[in-house]
Amino acid sequence: MLHGNGGANARFERFVDKVQSEQVNFEVVLPQLPGFEGRPLPKAKDQWLPFLEALSTTVEQSPEAEWIFYGHGIGGSILMEWAARDWQGSIANNIKPKAVILHSCIGASLKERFFPKLMKPMPMRLLIKKMIGASFLQPFWERKLFLFPDRIPAYLRKQFFEDYRRCAAFTTFFDLITPPWYDIVQQQLKNQPFHFMWGDKERVVASKYLDLWKADFPKSEFHLIKDWDHFPMLEQVDSFYEEMVQLIDRL
C-alpha cells in the first residue's frame, strides 16, 4: 500500500490494525519510501528511480507471494510510472502484480485542476508544505481535508500534519507528475485492467474528474464509493476495510 504526497504509512495504521484483528487471508505491506517520514531523498538523474528501487526491494523480499498493489493519490501515480516501465527498477526482475488498485489517483485531471498550476513555482511548494505542517493551522486544514475529523484519533491527526513537515519528497512530485508525464504513461497503459476507487464526496481530486479517467482507461473497472472523501482509511476505517476486503477477495 502506497500513501500520497506528504503522507506516511501512519495513514494506514487503522486499516492494518483492523486487518490483524480480523485475521484475514492477506498481509498488508507498507514500503519505506525515500524522502518520507524523515528519511532522506537520494539525488538521482532519474528522479523516479529512488522510489521504484524501494518498491522493487520490498517486493523482492517475498518473491513467491501473489501481490496486489494499491496506491492512494500520488502513490497511485508512482504505480502508474512503475507499470509503464513494466514493473522494473534498476534491481527488480520484471515483478508483475496480480492486480493494481488506484485510489483517487493523480493524473487525468492535471490540466483541469487549479492546485497543480498553483504549485509550479518552487517557493509556493515550500510555502504550502510549511503551512500544512504548521501546528497552529491544523484546525483549518482538518476542516479542508476531512469530512469527519473527530472520527480520527487526535494522535493520528497530529501525526498526519507532522508527516507533511518532515517530507523531503513533497516538492519533487510536482516536477514528476505533470500533464506531459500523464500523456505518456496513459498512452502506454490505456489498455490495462486497473481498478480505480473514488469517493463520491472526494474533494482533493474531485469525483467530477472521474469521467476523464474512464475515457482514458476504457478497460479498467471503476468503483465509486458512497460518502467517501479523500481519506476514508483514516476517518471511515470500517467502510474502507469492507470495500478493500471485498475487492481483494474478488481479485
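Derivation of every value follows stated rules applied to the coordinates shown; laboratory data play no part. Values in this document were obtained by computation on a predicted structure and should not be read as measured data. A quick note on method: Cβ atoms are made from the backbone with ideal geometry, for glycine too, and the neighbour counts reach across all protein chains shown.
Roughly what % antiparallel, to the nearest 5, for the DSSP beta bridges in the chain? Around 0 percent of the beta bridges assigned by DSSP in the chain are antiparallel ones. With only Lys, Arg, Asp and Glu charged, each at its Cβ (+1 for the first two, -1 for the last two), find how big the charge dipole of the chain is about the Cα centre; round to the nearest 20 debye. Approximately 1100 debye in magnitude.
Entry note, the chain: relative contact order of 24 percent, from Cα contacts under 8 Å with a spacing of 6+ residues. Karplus-derived 3J(HN,Hα) values for region 64-69, using 6.51 cos²θ - 1.76 cosθ + 1.60 with θ = phi - 60°, are 8, 6, 8, 10, 10, 9 Hz; glycine and proline are entered as x. Measure up K98/K219; K111/K226; K96/K190; K111/K219 against 20 Å on the Cα-Cα distance and list the ones that go over. Table pairs above 20 Å Cα-Cα are K111/K226; K111/K219.
Radius of gyration over Kirkwood radius for region 9-250, both on Cα atoms: the Rg/Rh ratio is 0.93. Per-residue Karplus couplings for region 11-22, computed as 6.51 cos²θ - 1.76 cosθ + 1.60 with θ equal to phi - 60°, are listed in order as 4, 9, 4, 5, 5, 4, 4, 5, 4, 5, 6, 8 Hz, Gly and Pro entered as x. Roughly speaking, what is the centre-to-centre gap between region 225-251 and region 125-184 when only Cα atoms are used, to the nearest Å? A separation of 21 Å, based on Cα centres.
Over the residues of the chain, the helix contribution to mean residue ellipticity at 222 nm works out to -12500 deg cm²/dmol, using -39500 (n - 2.57) for each DSSP H run of at least 4.
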